[in-house]
Amino acid sequence: MIKKIVTGVSILAMAIMVLSFNQNQVSASIARGKQVYNKVCLSCHMIDGGGVPNINPPLAQSSYVVGDKKRIIAIVLNGMTDRIAIDDEYYSNNMAPHSDLTDEEIADVLTYVRNSFGNKASVVTVAEVKVVRSMKK
Amino acid sequence: MRKYYLLLLFVSIYSCTVFANNHSPKNNPNLPQANAGLQLPAGFTAITVAEGVGRARHIAISPQGTIFYKSSRLVNGKGIFQLIDKNGDGIADSVFGFGNYIGTGIAIKNGYLYASSDEEVFRYKLDAKGNVINPSQPEKIITGLINRHQHESKSIALDNAGNLYVNIGAYSNSCQVNDRTLHSPGRKPCPVLDSAGGIWQFKADKLNQTYGNGIHYAMGLRNVVGLDWNNQTNTLFVMQHGRDQLHDNWPEYFDEKSSAELPAECMYELHKGDNCGWPYIYYDPMQHKKMIAPEFGGDGKQSTTDYNNPVIAFPAHLAPNALMFYTGNQFPEKYKNGAFIAFHGSWNRAPLPQQGYYVVFVPFKNGKPTGKWEIFANGFSGKDVIESTRQADHRPCGLAQAPDGSLYVTDDVKGTIYKISYKK
């Protein structure tokens, strides 16, 4: 009986450790992502992720940001020059490609924007960025 | 007992003060604000004459006083709106919508209302009362203008010799191989300039004109949204939106602060054949020089004497969306023949705070600015500091003079139309 309890507690403790380790990793990724955001993204998408009406799309509460990860990774890598409606609004400026960023920087900055400005969405991993980068545009 | 009365009195006064503070117009958005929330010079007042319909871009007022504005968003399928004021109190009771296209440009000349989409220019005949005779069947004056969704608005102005001028904005920031991309070099000669990045002149009364019928009047202008014909000099004046992203794309030459302060938003007086230098140069308002753009070998220090000089330069990135010479008699003498400019407000000053969101006045003498410009109407944004452009409640975008000499200002955030008047 005691053995069972000890085993149970150990498993629980390990689970908590793994979870908190993951949580720490996520926090670290978000912190790194914020630095990338401030350097590369802020000048167009603004300090609050609000974008510029009619010119640069917002990231806050954007279906493109919290939606399909492949799509948003591809936008960061390839930029965006299409005239398409994003959440029923059109934006006129071209977005430059940012393929010069590393896989980790892209994973970090997307994890940051998917969990900032009121957004709540899953993390983006380096492996997921690698997959999209390896695909042709 | 007396103590209780004193206490009661104290509490009452305190409550009243709190009540008054909480319900002053400044804190309660439901109560009308003095001067529609604007700060103006002494003697001027402002009211809101309409709001809530479309994104009001440019505005035109007929000699009879009918008021039309162009919207960059369709409302119930309509993109031009006329203010309807049945009881004559100066406040619109409703709007009448027509024209099934979005756009920015609108102007009235010789009994016609001209309006632009982002590719074409139409005109509508007005009746003796200044109303549109056939709102569903305009004449198509110009067609086939390039629209590659960047700087797509086609602002218009008319002279007194039967010509119409159209801005065709450059579909690029600085004509790089890859637009807005770190260290992407400039393309020389810039291929944008054959069909955009300038002003084209057309006939005001000829149907279905396109590039082949027009005159490439002035080139090297990145994007002009505000332009007006000056009847004193008999020339076209334009306000250019200067380039963006010096720091983003060339961080080795420009830090965030210099990128926020460069380049100037410039006013040019144009003559046929002029070249204002975009994308090869930008104007530095501190050095008062035309600088070689970094895409074309510049490093923030090299200047040139080629190309037109601006007649006056304003701080960077303020986004001049309307220019209007005041010819009325209502405002004090100093305003006569001077220029009003509606600055839509910046975005490309981040991470520094944004600027603009106001209407300025530039005094003119003998057809030249006399130097000192001043903020004429401020407070459109409703905020003390704007860090992110969307925080602005209103952004001034269009200007028009009414027959009585009052000034109308549009806002394209909420579709608000302001009227500014002067009384001695």
Residues being modelled with pLDDT of 95 or more, open to solvent by 30 Å² or more (accessible area, probe 1.4 Å) and not hydroxyl-bearing (Ser, Thr, Tyr): count how many of those fall in segment B:412-424. 3
Show the residue pairs meeting these rules: Cβ distance below 8 Å; 6+ apart or different chains; first residue within segment B:187-214 and free of Cβ contacts under 8 Å to residues at least 12 places away in the same chain; second residue open to solvent by 80 Å² or more (accessible area, probe 1.4 Å). B:Asn213/B:Lys203; B:Asn213/B:Lys206
Give the residue, chosen from A:Ile55, A:Ile73, that is within 13 Å of another protein chain (Cβ to nearest Cβ) and of a type in the set (A, V, I, L, M). A:Ile55
Out of A:Ser43, A:Ser99, A:Ser10, sole residue that is over 23 Å from B:Arg390 (Cβ atoms) and within 13 Å of another protein chain (Cβ to nearest Cβ): A:Ser99
Which residue, of B:Arg222, B:Arg148, is within 14 Å of chain A (Cβ to nearest Cβ), open to solvent by less than 10 Å² (accessible area, probe 1.4 Å), of a type in the set (Lys, Arg) and not in a strand (DSSP E or B)? B:Arg222
Count of segment A:70-96 residues which are farther than 21 Å from B:Thr389 by Cα and crowded, with 20+ Cβ neighbours inside 10 Å: 3
Note on segment A:98-115: residues crowded, with 19+ Cβ neighbours inside 10 Å and out of contact with any Lys or Arg (no Cβ under 6 Å at 6 or more places or on another chain) are A:His98, A:Glu105, A:Ile106, A:Ala107, A:Val109, A:Leu110, A:Thr111, A:Val113, A:Arg114, A:Asn115
Residues satisfying the stated conditions in segment B:41-74, i.e. open to solvent by 40 Å² or more (accessible area, probe 1.4 Å) and in contact (Cβ under 8 Å) with a residue 24 or more places away in the chain: B:Thr45, B:Ile47, B:Thr48, B:Glu51, B:Gly52, B:Arg55, B:Pro63, B:Gln64, B:Arg73, B:Leu74
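The rows are residues; the columns are (1) open to solvent by 20 Å² or more (accessible area, probe 1.4 Å); (2) charged (D, E, K, R); (3) modelled with pLDDT of 95 or more.
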site: B:Leu193; (1), (2), (3): no, no, yes
site: B:Ala196; (1), (2), (3): no, no, yes
site: B:Gly226; (1), (2), (3): no, no, yes
site: B:Arg243; (1), (2), (3): no, yes, yes
site: B:Lys257; (1), (2), (3): yes, yes, yes
site: B:Trp278; (1), (2), (3): no, no, yes
site: B:Tyr283; (1), (2), (3): yes, no, yes
site: B:His288; (1), (2), (3): yes, no, yes
Residue check for B:Tyr357: within 14 Å of chain A (Cβ to nearest Cβ) and among the aromatic types (Phe, Trp, Tyr): yes
Would you confirm whether any residue within segment B:84-93 is touching a Gly at 6+ places or on another chain (Cβ under 6 Å) and crowded, with 16+ Cβ neighbours inside 10 Å? no
Quickly run through segment B:344-389 and pick out the residues that are surrounded by 14 or more Cβ atoms within 10 Å (Cβ to Cβ), farther than 23 Å from B:Val224 by Cα and hydrophobic (A, V, I, L, M, F, W, C). B:Leu352, B:Ile386
Flag for B:Val409 being away from chain A (no Cβ under 11 Å), aliphatic (A, V, I, L, M) and either crowded, with 19+ Cβ neighbours inside 10 Å or farther than 26 Å from A:Lys39 by Cα (or both): yes
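The values are calculated or read from the model by the stated rules, or taken from the named source; none is laboratory data. Since we're looking at a predicted model, the values are computed, not measured. Ideal geometry is used to build each Cβ from the backbone, glycine not excepted, and the neighbour counts take in all protein chains shown. Heads up: the accessible areas ignore ligands, DNA and RNA and are worked out on the full protein's heavy atoms, side chains in. Shrake-Rupley method; radii C 1.70, N 1.55, O 1.52, S 1.80 Å.
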